[in-house]
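J.: I have a structure here, written as structure tokens, and I will follow up with some questions on it.
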Amino acid sequence: MNGLQIETMQQMLAIVTLLLGALLIGVIYNAYRIVRQPTLLLFVYGLFTLVVGITFADIVSIFTPDAFIIAWSAVFSRIVVILGLCVMAYGILRG
């Protein structure tokens, strides 16, 4: 496999990850509507941020070929992933 095929496969997997994350967020949000516990809502916010952070760099590479933007989107992606994990941890520790 050459570099272009690997990059294309990463982009397709990013789209699949985004769709599965959206499905999981929908399921957890429906559970929140039933029990009305704030922990679940914070968990959903954190999960949304986490899914966006994981897929952000690959989604950006679909829309722009600029190496500078792709490099900085990877940095931004890591920061968003860390924020998402912090929100999820806060929601769980808050109880």
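The values are calculated or read from the model by the stated rules, or taken from the named source; none is laboratory data. Bear in mind the structure is a predicted one, so any value in this text is a computation, not a measurement. Cβ atoms come from the backbone with ideal geometry, glycine included; neighbour counts cover every protein chain shown.
J.: I'd like the full set of residues that are buried (at least 19 other Cβ atoms within 10 Å of the Cβ) and among the polar types (S, T, N, Q), limited to the stretch 34-72.
T.: Thr49, Thr55, Ser61
J.: Of the residues in the stretch 15-57, how many are within 21 Å of Gly95 (Cβ to Cβ), among the hydrophobic types (A, V, I, L, M, F, W, C) and within 9 Å of the chain's Cα centre (by Cα)?
T.: Final tally of qualifying residues: 3.
J.: Checking the condition aromatic (Phe, Trp, Tyr) and either modelled with pLDDT of 95 or more or out of contact with any Phe, Trp or Tyr (no Cβ under 9 Å at 6 or more places or on another chain) (or both), which residue from Phe68, Phe56, Phe43 passes?
T.: Exactly one residue qualifies, and that residue is Phe68.
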